[in-house]
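As structure tokens, the structure follows; a few thoughts come after it.
The values are calculated or read from the model by the stated rules, or taken from the named source; none is laboratory data. Remember, predicted model here, so these are calculated numbers, not experimental data. As a convention, Cβ positions derive from the backbone with ideal geometry for all residues, glycine included, and neighbour counts pool all protein chains shown. Heads up: the accessible areas ignore ligands, DNA and RNA and are worked out on the full protein's heavy atoms, side chains in. Shrake-Rupley method; radii C 1.70, N 1.55, O 1.52, S 1.80 Å.
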Amino acid sequence: MSSLFRKKDINDLVKHASPLKRTLKTWDLTFLGIGAIIGTGIFVLTGKGALTAGPALALSFFMAAICCGFAGLCYAEFASMAPVAGSAYTYSYIAFGEIIAFIIGWDLILEYALGAATVSVGWSGYFVNLLSNMGIRIPTLLTAAIGTTPGVNTIFNLPAFLIILVITWIISIGITQTKRVNDTMVLVKLAVIVLFIICTIWFIKPQNWHPFSPFGWYSYHNGTASGIIPAASIVFFSFIGFDAVSSSAEETINPSKTLPRGILLSLLISTILYIIMTLTMTGVVKYTIFIKYLNAPILAVLAKTGQTWLSIIVSVGAILGMTTVILVQLYGQSRISYSMSRDGLFPKFFGQVDQKHQTPFKGTWFFGIITALASGFINLNILSELVNIGTLTAFILVSAGVLLMRRTHPEIHRGFRAPGVPITPIIAIIFCITLIAGLNWETWLRFVVWLAIGMAIYFGYGRRHATIKDKKGE
Amino acid sequence: MTYKRILVGLDGSEQADRAFKVGCDLSKSLSATLYIIWIVNRDRGMDSSFGVNEDFYRDLYNQITQRIKPYVDQAQAQKLNVVSKVLVGNIKVILAKEFPQENQIDLIILGNTGINVVEKMIQGSHSGYVVRHSSCDVLIVK
């Protein structure tokens with residue numbers, strides 16, 4: 001039994017300290033955070049969010065942001081406990097032991113695979129629109145998965161399927177972007193959002209905001225969970241990536257002050273943008289209209305205002321922004337499966353590093369193909385809910401870990417201490433549970449199935465093949 | 001002027017090995033200090049939640065720390081004054097700017113990376129970037 005919780009030795013990890021320099025300041029972190037946050041949900045999930053909560057979607061964004069703020073502080077402490085850079089998966093292997101580490105890794109695989117699939121479905125929505133602006137038509141059958149839009153017959157999302165394969169290929173041979181390319185992408189995303197707000201805010205008709213919150217906090221409507229909380233559970237996805245800031249404790253000057261500022265500022269700025277944007281969108285278009293624009297909600301607004309030129313600019317910006325997000329998600333996907341394979345919890349296949357390209361070539365393609373199929377065949381309604389539940393569970397485990405470690409190992413050095421423990425992690429956990437509760441029960445069921453598959457792999461394979469040596473010899 | 005601090009960038013390729021040999025010969029005849037560095041490319045734009053990429057960089061770093069040793073031995077066998085370093089970071093920026101500036105490098109020697117046209121389109125040529133952006137002399141070994 002105890003071998004389920006066998007732990008990695010921290011000394012194995014710190015043997016070679018990697019030479020990272022402390023160079024990041026508050027604004028570097030803020031920029032990093034905004035870059036990681038903006039570009040996913042806002043282009044894709046505002047439609048589904050608006051259908052779930054009405055104009056009160058603005059409050060849902062606020063709620064999701066608060067959840068992220070508390071969870072982000074907890075993760076920052078967790079990430080700074082080991083004096084070297086590593087993943088949440090590796091930290092939990094040290095802190096809680098193997099089975100929890102496996103669960104976190106397995107959740108993150110779900111997050112990245114379905115995250116990439118979700119974004120590619122949105123990508124496809126804007127791409128098809130751009131093509132049709134240029135007079136090129138793709139057969140409707142091949143533009144979305146079955147059952148995406150009621151009354152429209154679709155089978156397979158071809159553009160989404162193809163973009164995932166192209167990006168998988170790019171990642172498998174390695175990619176080197178310069179800082180300038182990265183910074184440019186962040187600025188493009190911001191510029192598109194600001195331009196959109198400036199050009200459409202004049203078309204707001206306040207009567208579209210009535211009723212402001214047609215479904216209240218939580219209600220059951222046409223067989224699905226509706227209201228502010230369920231919408232918050234969906235748009236939580238718009239903030240995924242914000243904790244990229246938390247893992248930079250080692251590279252940050254004076255992390256105990258800079259980190260919380262970086263986290264809070266990047267959350268604050270993106271939340272303000274999100275709230276203005278959703279209020280604008282639901283103010284210009286009655287929220288019920290979005291059902292026809294599920295994959296590319298911003299286009300609903302621009303169709304109403306008749307600004308075709310703007311819809312071209314927004315589509316190009318959204319496509320660029322979402323391409324980088326898919327890149328990041330698939331990259332993370334290949335790396336987390338690499339880590340688990342290295343520790344023997346997954347077959348060696350996923351951990352083999354190609355010598356020429358310095359990438360886990362085979363694992364990248366394996367998950368790339370599965371993700372591509374998911375993006376082609378599964379509709380956005382299912383994808384978008386499932387992607388969040390894995391992340392939320394990982395945050396619950398991390399926050400609980402911070403609480404636990406303060407009790408059991410108060411002596412361990414922490415590069416950053418979350419303010420207000422035990423209140424902060426408890427609030428984080430409560431928010432995460434609330435957001436999970438806001439999802440539909442079908443999603444819980446699918447997640448339980450996912451976990452069960454994971455446990456089958458763990459007990460059938462991982463536990464016996466784990467490379468970690470059991471000190472007691474069992 | 002003569003070169004006093006010569007930098008060679010390694011990546012395990014044949015071309016880089018040739019650059020290393022040229023670097024050794026030059027350092028010997030000019031009695032310059034030879035800096036050999038090998039960089040694990042870490043792309044900030046690829047950072048994602050829960051730090052999942054960090055394990056991979058660490059492992060590569062540990063492997064390369066081993067793989068750079070024979071080069072150091074080889075240089076020391078030729079009685080060269082050699083400094084070696086394995087770094088994690090943006091390969092282009094470190095080669096072109098950061099490392100040369102911090103160590104007052106006056107000559108950078110690189111192999112012409114053997115990548116094909118498509119890869120060049122996606123990655124951009126490292127040596128080409130260094131030639132364009134570095135403030136000191138660059139020697140490309142073919």
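Taking into account only those residues within segment B:59-78 that are touching a helix residue (DSSP H, G or I) at 6+ places or on another chain (Cβ under 8 Å) and of a type outside the set (A, V, I, L, M, F, W, C), which is nearest to the other protein chains (Cβ to nearest Cβ)? I'd like the intermediate steps shown before the answer.
Initially, segment B:59-78 is screened for residues touching a helix residue (DSSP H, G or I) at 6+ places or on another chain (Cβ under 8 Å), giving B:59, B:71, B:74-75, B:78.
From what is left, the residues that are of a type outside the set (A, V, I, L, M, F, W, C) are B:59, B:71, B:74, B:78.
On the way: B:ASP59: 7, B:TYR71: 17, B:GLN74: 21, B:GLN78: 27 Å.
Only one residue fits best here, namely B:ASP59.
Would it be correct to say that A:PRO260 is open to solvent by less than 10 Å² (accessible area, probe 1.4 Å) and in contact with a helix residue (DSSP H, G or I) (Cβ under 8 Å, 6 or more places away or on another chain)? Step through it out loud before you land on a result.
Working: open to solvent by less than 10 Å² (accessible area, probe 1.4 Å): no; in contact with a helix residue (DSSP H, G or I) (Cβ under 8 Å, 6 or more places away or on another chain): yes.
Criteria not met by A:PRO260.
Just checking, which of B:ASN112, B:ASN62 is surrounded by fewer than 18 Cβ atoms within 10 Å (Cβ to Cβ), modelled with pLDDT under 90 and in contact with a Lys or Arg (Cβ under 7 Å, 6 or more places away or on another chain)?
Numbers: B:ASN62 fails: in contact with a Lys or Arg (Cβ under 7 Å, 6 or more places away or on another chain).
Result: B:ASN112 is the single residue among B:ASN112, B:ASN62 that is surrounded by fewer than 18 Cβ atoms within 10 Å (Cβ to Cβ), modelled with pLDDT under 90 and in contact with a Lys or Arg (Cβ under 7 Å, 6 or more places away or on another chain).
I need every pair where a residue in segment B:74-96 that is closer than 18 Å to B:LEU110 by Cβ and surrounded by 18 or more Cβ atoms within 10 Å (Cβ to Cβ) has its Cβ under 6 Å from the Cβ of a residue that is modelled with pLDDT under 90 and small (Gly, Ala, Ser), sequence separation at least 6 or different chains.
If the second residue must be modelled with pLDDT under 90 and small (Gly, Ala, Ser), the pairs left are B:VAL82/B:ALA75; B:LEU95/B:GLY9; B:ALA96/B:SER134.
Spot the failing condition for A:SER226; the list is (1) open to solvent by 40 Å² or more (accessible area, probe 1.4 Å); (2) more than 14 Å from chain B (Cβ to nearest Cβ), and only one is missed.
The number of the failed condition is (1).
Pick from A:PHE431, A:PHE367, A:PHE349: which is closer than 29 Å to A:ALA76 by Cα, of a type in the set (Phe, Trp, Tyr) and open to solvent by 30 Å² or more (accessible area, probe 1.4 Å)?
On the way: A:PHE367 fails: open to solvent by 30 Å² or more (accessible area, probe 1.4 Å); A:PHE349 fails: closer than 29 Å to A:ALA76 by Cα.
Of A:PHE431, A:PHE367, A:PHE349, the one residue that is closer than 29 Å to A:ALA76 by Cα, of a type in the set (Phe, Trp, Tyr) and open to solvent by 30 Å² or more (accessible area, probe 1.4 Å) is A:PHE431.
I need the full set of residues from segment A:287-301 which are farther than 18 Å from A:TYR274 by Cα and either charged (D, E, K, R) or crowded, with 24+ Cβ neighbours inside 10 Å (or both), in order please. So that I can check it myself, show each step before the final result.
Kept after step one, since they are farther than 18 Å from A:TYR274 by Cα, are these residues of segment A:287-301: A:288-289, A:291-293.
Of everything in segment A:287-301, just one residue is farther than 18 Å from A:TYR274 by Cα and either charged (D, E, K, R) or crowded, with 24+ Cβ neighbours inside 10 Å (or both), namely A:LYS292.
With the condition kept exactly as written, say whether any residue in segment B:13-29 is closer than 30 Å to A:SER87 by Cβ, surrounded by fewer than 20 Cβ atoms within 10 Å (Cβ to Cβ) and more than 7 Å from every other protein chain (Cβ to nearest Cβ).
Going residue by residue through segment B:13-29, those that are closer than 30 Å to A:SER87 by Cβ are B:13, B:16.
Narrowing further to those that are surrounded by fewer than 20 Cβ atoms within 10 Å (Cβ to Cβ): B:13.
Checking which are more than 7 Å from every other protein chain (Cβ to nearest Cβ) leaves us with B:13.
Yes; the residues of segment B:13-29 include at least one that is closer than 30 Å to A:SER87 by Cβ, surrounded by fewer than 20 Cβ atoms within 10 Å (Cβ to Cβ) and more than 7 Å from every other protein chain (Cβ to nearest Cβ).
Starting from segment A:400-414, take each residue that is over 16 Å from A:GLY72 (Cβ atoms) and list its partners that are at pLDDT 85 or above and small (Gly, Ala, Ser), counting only C-beta distances under 9 angstrom and pairs at least six apart or across chains.
none
State which residue is nearest to A:ALA296 (Cα to Cα) when the search covers only segment A:31-68 and only residues that are hydroxyl-bearing (Ser, Thr, Tyr) and away from chain B (no Cβ under 14 Å). So that I can check it myself, show each step before the final result.
Residues of segment A:31-68 hydroxyl-bearing (Ser, Thr, Tyr): A:40, A:46, A:52, A:60.
Subsequent filtering for residues that are away from chain B (no Cβ under 14 Å) retains A:46, A:52, A:60.
On the way: A:THR46: 9, A:THR52: 16, A:SER60: 19 Å.
For segment A:31-68, the residue satisfying everything is A:THR46.
Would you point out the residue of segment B:30-41, among those that are surrounded by fewer than 23 Cβ atoms within 10 Å (Cβ to Cβ) and within 14 Å of chain A (Cβ to nearest Cβ), that is modelled with the lowest pLDDT?
It comes out as B:ASN41.
Can you find a residue in segment A:302-321 that is within 14 Å of chain B (Cβ to nearest Cβ), open to solvent by 10 Å² or more (accessible area, probe 1.4 Å) and assigned to a helix (DSSP H, G or I)? Lay out the reasoning, then the answer.
Kept after step one, since they are within 14 Å of chain B (Cβ to nearest Cβ), are these residues of segment A:302-321: A:320-321.
Pick out the ones that are also open to solvent by 10 Å² or more (accessible area, probe 1.4 Å) and you get A:320.
The next check asks that each one be assigned to a helix (DSSP H, G or I); those that pass are A:320.
Taking every residue of segment A:302-321 in turn, at least one turns out to be within 14 Å of chain B (Cβ to nearest Cβ), open to solvent by 10 Å² or more (accessible area, probe 1.4 Å) and assigned to a helix (DSSP H, G or I).
Just to verify a result, which residue in segment B:1-12, among those that are open to solvent by less than 90 Å² (accessible area, probe 1.4 Å) and not hydroxyl-bearing (Ser, Thr, Tyr), is farthest from B:VAL138 (Cα to Cα)? Talk me through it step by step, then tell me what you get.
To start, the set of residues in segment B:1-12 that are open to solvent by less than 90 Å² (accessible area, probe 1.4 Å) comprises B:2-3, B:5-12.
Next, only the ones that are not hydroxyl-bearing (Ser, Thr, Tyr) stay: B:5-12.
On the way: B:ARG5: 12, B:ILE6: 10, B:LEU7: 9, B:VAL8: 10, B:GLY9: 11, B:LEU10: 15, B:ASP11: 17, B:GLY12: 19 Å.
The selected residue is B:GLY12.
Out of segment A:195-214, which residues are among the aliphatic types (A, V, I, L, M) and in contact (Cβ under 8 Å) with a residue 40 or more places away in the chain? Walk me through how you get there before you give the answer.
Going residue by residue through segment A:195-214, those that are among the aliphatic types (A, V, I, L, M) are A:195, A:197-198, A:201, A:204.
If the condition is that a residue be among the aliphatic types (A, V, I, L, M) and in contact (Cβ under 8 Å) with a residue 40 or more places away in the chain, then A:LEU195, A:ILE197, A:ILE201, A:ILE204 are the ones that fit.
Looking at A:ILE370, A:ILE378, A:ILE389, A:ILE382, which is the one that is at pLDDT 85 or above and touching a Lys or Arg at 6+ places or on another chain (Cβ under 9 Å)?
The conditions single out A:ILE389.
Can you pull out the residues in segment B:1-12 that are within 19 Å of B:ILE91 (Cα to Cα) and either among the polar types (S, T, N, Q) or away from chain A (no Cβ under 14 Å) (or both)?
Filtering segment B:1-12 down to residues within 19 Å of B:ILE91 (Cα to Cα) leaves B:6-12.
Residues satisfying the conditions are B:ILE6, B:LEU7, B:VAL8.
With a cut-off of at least 1 residues that are open to solvent by 40 Å² or more (accessible area, probe 1.4 Å) and more than 10 Å from chain B (Cβ to nearest Cβ), name the helices (runs of 4 or more DSSP H) lying wholly within segment A:71-184. Break it down into steps so the answer makes sense when it comes.
Details: elements: A:88-95, A:98-133, A:158-172.
By residue number, A:98-133, A:158-172.
Residue by residue through segment A:360-385, note down the ones that are closer than 28 Å to A:GLY49 by Cβ and within 14 Å of chain B (Cβ to nearest Cβ).
A:PHE367 - this is the single residue of segment A:360-385 that is closer than 28 Å to A:GLY49 by Cβ and within 14 Å of chain B (Cβ to nearest Cβ).
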